[in-house]
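Here's the structure we're looking at; comments come further down.
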Amino acid sequence: MSTPSSSSSSSSIWVLSNIKLQFFGRIRRFLQSKATKKRYDPSDRFDTAKSKVEHNNKVENLETVQVMEKHKEEEEESVIMLQRTVKMLHFGSWEEKEVAAKEIEKLAKEDVKVRKLITELGVVPVLVSMVASPVASRRRAGLTALIHLADGTYTNKALIVEAGILSKLPKTIDLVDESTTSKLVELLLSLSSLANTQFPLAILDFLPLLRNILEKGSSFDTKNSCLGALHNLSTVLENACPLVSSGVVPILLEVSSIKEISEKALATLGNLSVTLMGKKTIENNSMVPETFIEILSWEDKPKCQELSVYILMILAHQSSLQRKKMAQAGIVPVLLEVVLLGSNLAQKRAMKLLQWFKDERQTKMGPHSGPQTPRFAMGSPVNQREAKEGKRLMKSLVKQSLNRNMEIITQRANAAGESSKLKSLIISTSSKSLPY
């Protein structure tokens, strides 16, 4: 049973909403009446002397008036419908609120102006309260309406967050069906775009929910939306600490090995790896570097290759331990394949990593590029001997990689003649691809 104060508050909200609706309706009718009168003004006709032109103009004006009258009737019906819907949402029973939420969903699909107008009428707090309902259909109706109201407008998204939606969400999906889970993630994906705006998310209490969704057997679409929300949050450095602390890194590493949803997971790990806490958490995981090295072999996923080699570069930077782990995991032949067959960006990053592995005792790098080692004077016996040894080793590795790639390319060729052409092309261009 509602208290007198809550009843008074609801009444004042409804009065304000009703005044706004009447005001907008009057303005719309006023503008339409002016436009109609302007259409009938004889001074607007350029050639009043010809009866045929006058007749055509009259017909066109009549048709225009009919269209405008029809449009006017439709708008008036929409205003009446919106008025009835808002009233039902504020003062109706829970069943009526559910019906009103579905009607708001339909109205919100029209355009951004309508969505902003609906939000100004104070419907967001009621819809947010429906999201916390134990009734599944009522919860879905509230979520769906909020998703459409948030579409394309940061102001509406900020109002939804201010209404306390993040605290109304469940912590797990154990008691939530797949349809509701999908709606929850869709709304969080939309709201997470506020991370880089003037309305940043102050709290990230919904991270356990996102982690739980990734851990459970949700659909790829739901998981991909979940990863998109995490990626939006990871673009802000201040969010790295709560993201890592929430335990999402091990889950992201597992998900990154699934081709269908790997890209967003790798992009999120890439954003986290540039922070000290994120880098340490990633490199201490038992799946690293093997998972990233395996992704380097995905020739049909060039973007994943680029992201994977980027993360490997960050981990290998000024870390002899990580470079040793990568070398033991067999990264050099895989990098050579990327240099030969990868995208332009993947090739550049792979060549930089290969340069670090070429000879750690001899490599001469800038302060931003990997291992720092003593420099020997040109012409010294040590320098000449190690240079020859390094060149011989690299020639051997390149030859092995070429032979391996020739077998792959030959198997893919449709005819024996094509394989010989590919072989000659690779032999003639491979030496140009490597900076040695």
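The values are calculated or read from the model by the stated rules, or taken from the named source; none is laboratory data. Quantities reported herein were computed from a predicted structural model and do not represent experimental measurements. Cβ sites come from the backbone with ideal geometry, for glycine too, and all protein chains shown count toward neighbours. Accessible surface is based on the protein model in full, side chains and every heavy atom, while ligands, DNA and RNA are left aside. Shrake-Rupley method; radii C 1.70, N 1.55, O 1.52, S 1.80 Å.
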Limited to the range 201-259, what total is found for residues that are in contact with a Cys (Cβ under 8 Å, 6 or more places away or on another chain) and of a type in the set (Lys, Arg)? 1
Quick count over the range 170-194, residues being at pLDDT 90 or above, of a type in the set (A, V, I, L, M, F, W, C) and farther than 15 Å from Val124 by Cα, is 5
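Conditions (1) touching a helix residue (DSSP H, G or I) at 6+ places or on another chain (Cβ under 6 Å); (2) polar (S, T, N, Q); (3) open to solvent by 50 Å² or more (accessible area, probe 1.4 Å), marked per residue:
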{"position": "Arg211", "(1), (2), (3)": "yes, no, yes"}
{"position": "Lys216", "(1), (2), (3)": "no, no, yes"}
{"position": "Thr222", "(1), (2), (3)": "yes, yes, no"}
{"position": "Ser225", "(1), (2), (3)": "yes, yes, no"}
{"position": "His231", "(1), (2), (3)": "yes, no, no"}
{"position": "Glu238", "(1), (2), (3)": "no, no, yes"}
{"position": "Ser246", "(1), (2), (3)": "yes, yes, no"}
{"position": "Ile258", "(1), (2), (3)": "no, no, yes"}
Check on Glu110, outside any helix (DSSP H, G or I) and modelled with pLDDT of 60 or more: yes
What's the number of the condition Leu269 fails, among (1) surrounded by fewer than 20 Cβ atoms within 10 Å (Cβ to Cβ); (2) hydrophobic (A, V, I, L, M, F, W, C); (3) within 26 Å of Asp221 (Cβ to Cβ)? (1)
Identity of the residue in the range 73-87, crowded, with 18+ Cβ neighbours inside 10 Å and in contact (Cβ under 8 Å) with a residue 40 or more places away in the chain, that ends up nearest to Val161 (Cα to Cα): Val86
Looking at the range 105-120, can you tell me whether even one residue there is open to solvent by 60 Å² or more (accessible area, probe 1.4 Å) and within 23 Å of the chain's Cα centre (by Cα)? yes
For the range 292-323, name all the residues that are closer than 18 Å to Gly342 by Cα and of a type in the set (Ser, Thr, Tyr). Ser297, Ser308, Tyr310
Does the range 303-310 contain any residue that is of a type in the set (A, V, I, L, M), assigned to a helix (DSSP H, G or I), open to solvent by 10 Å² or more (accessible area, probe 1.4 Å) and more than 19 Å from Ser256 (Cα to Cα)? no
Odd one out for Leu253 among (1) open to solvent by 20 Å² or more (accessible area, probe 1.4 Å); (2) not assigned by the TED database to the domain that holds Val332: (1)
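What is the residue count in the range 126-146 for residues that are open to solvent by 20 Å² or more (accessible area, probe 1.4 Å) and closer than 22 Å to Ile173 by Cα? So that I can check it myself, show each step before the final result.
First, pick out the residues of the range 126-146 that are open to solvent by 20 Å² or more (accessible area, probe 1.4 Å): 126, 129, 132, 134-140.
Checking the rest, the ones that are also closer than 22 Å to Ile173 by Cα come to 129, 132, 134-140.
Total satisfying the criteria: 9.
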Go through the range 139-175 and report how many residues are in contact (Cβ under 8 Å) with a residue 40 or more places away in the chain and under 17 Å from Ala229 (Cβ atoms). 15
Considering only residues that are outside any helix (DSSP H, G or I) and either open to solvent by less than 50 Å² (accessible area, probe 1.4 Å) or under 10 Å from His231 (Cα atoms) (or both), which ones fall in the range 272-282? Thr275
Please work out which one of (1) part of a loop (DSSP other than H, G, I, E, B); (2) of a type outside the set (A, V, I, L, M); (3) in contact (Cβ under 8 Å) with a residue 40 or more places away in the chain is the condition Pro134 fails and give its number. (3)
Residues that are open to solvent by less than 10 Å² (accessible area, probe 1.4 Å) and closer than 18 Å to Lys223 by Cβ: does the range 151-159 have at least one? no
The condition from (1) within 27 Å of the chain's Cα centre (by Cα); (2) open to solvent by less than 40 Å² (accessible area, probe 1.4 Å) that His90 misses is numbered (1)
Whichever residue in the range 283-299 is in contact with a helix residue (DSSP H, G or I) (Cβ under 8 Å, 6 or more places away or on another chain), open to solvent by 10 Å² or more (accessible area, probe 1.4 Å) and outside any helix (DSSP H, G or I) and, among such residues, is farthest from Met326 (Cα to Cα): Glu299
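Restricting to the range 311-352, name every residue that is among the hydrophobic types (A, V, I, L, M, F, W, C) and open to solvent by less than 10 Å² (accessible area, probe 1.4 Å). If you could, list the steps in order and put the result at the bottom.
Within the range 311-352, the first condition is being among the hydrophobic types (A, V, I, L, M, F, W, C), and the residues that meet it are 311-316, 321, 326-327, 329, 331-332, 334-336, 338-341, 345-346, 350-351.
Correct list: Ile311, Leu312, Leu315, Ala316, Met326, Ile331, Leu335, Leu336, Val338, Val339, Ala346, Ala350.
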In the range 177-208, what residues are open to solvent by less than 40 Å² (accessible area, probe 1.4 Å), more than 21 Å from Asp151 (Cβ to Cβ) and assigned to a helix (DSSP H, G or I)? Leu207
